[in-house]
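Data first, discussion second: the structure below is written as structure tokens.
No value in this document is a laboratory result; all are computed from the given coordinates. What you see is a predicted model; the values in this text were computed from it and never measured. Every residue, glycine among them, receives a Cβ derived from its backbone with ideal geometry; neighbour counts consider all protein chains shown.
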Ligand SMILES: [Fe+2]
Ligand SMILES: [Fe+2]
């Protein structure tokens, strides 16, 4: 496997591992405040990763014969997972269905990761040349870190708004 392919696959796999372990912690967590914090942490990790894939990897695969279908399917899975994640972020950690929703999200994400690590990576290695793989790697990193940065911007506190 060419070096750039390997580099991107390593980064993605590492991110996946991190997210999987966060979900394991979330589903074991009993304290409502900690549950809410864990969901926020998952959000901070998962959104930049997904944004990077959507900006760099999926568009490149969509342009290939064998990668098109799996890229479209992966994108749909991102959207469904993000919808459930948004619902979970608004929920108090002591609600009865909090962990049920968390479990559903974990299942969606695990399934997505499995497909990504098999079919998406396979198409990436087969269909994408090494110079394009380098561009995809750079774009992924750039989009991921820009998204991370923009998520760090603190929201304007409500008191500041109502003080006017
Ligand atoms: Fe991924
Ligand atoms: Fe993904």
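Residue by residue through the stretch 2-17, note down the ones that are touching a helix residue (DSSP H, G or I) at 6+ places or on another chain (Cβ under 6 Å) and within 14 Å of ligand 2 (Cβ to nearest atom).
Of everything in the stretch 2-17, those that are touching a helix residue (DSSP H, G or I) at 6+ places or on another chain (Cβ under 6 Å) and within 14 Å of ligand 2 (Cβ to nearest atom) turn out to be 8, 9, 15, 16.
I'm checking my understanding of the structure. Among residues of the stretch 100-126 that are surrounded by fewer than 17 Cβ atoms within 10 Å (Cβ to Cβ) and away from ligand 2 (no atom under 16 Å from the Cβ), which one is farthest from residue 40 (Cα to Cα)?
Ranking the qualifying residues of the stretch 100-126, first place goes to 126.
I'd like the full set of residues that are within 11 Å of ligand 1 (Cβ to nearest atom) and either in contact with a strand residue (DSSP E or B) (Cβ under 7 Å, 6 or more places away or on another chain) or in contact (Cβ under 8 Å) with a residue 60 or more places away in the chain (or both), limited to the stretch 55-75. Walk me through how you get there before you give the answer.
Looking only at the stretch 55-75, we keep the residues that are within 11 Å of ligand 1 (Cβ to nearest atom), and these are 57-58, 74.
The one that is within 11 Å of ligand 1 (Cβ to nearest atom) and either in contact with a strand residue (DSSP E or B) (Cβ under 7 Å, 6 or more places away or on another chain) or in contact (Cβ under 8 Å) with a residue 60 or more places away in the chain (or both): 57.
For the stretch 8-41, give me each residue that is within 30 Å of residue 132 (Cβ to Cβ) and without any contact (Cβ under 8 Å) to a residue 60 or more places away in the chain. Write out each step before concluding.
Narrowing the stretch 8-41 to residues within 30 Å of residue 132 (Cβ to Cβ): 8-20.
10, 14, 15, 17, 18, listed by residue number.
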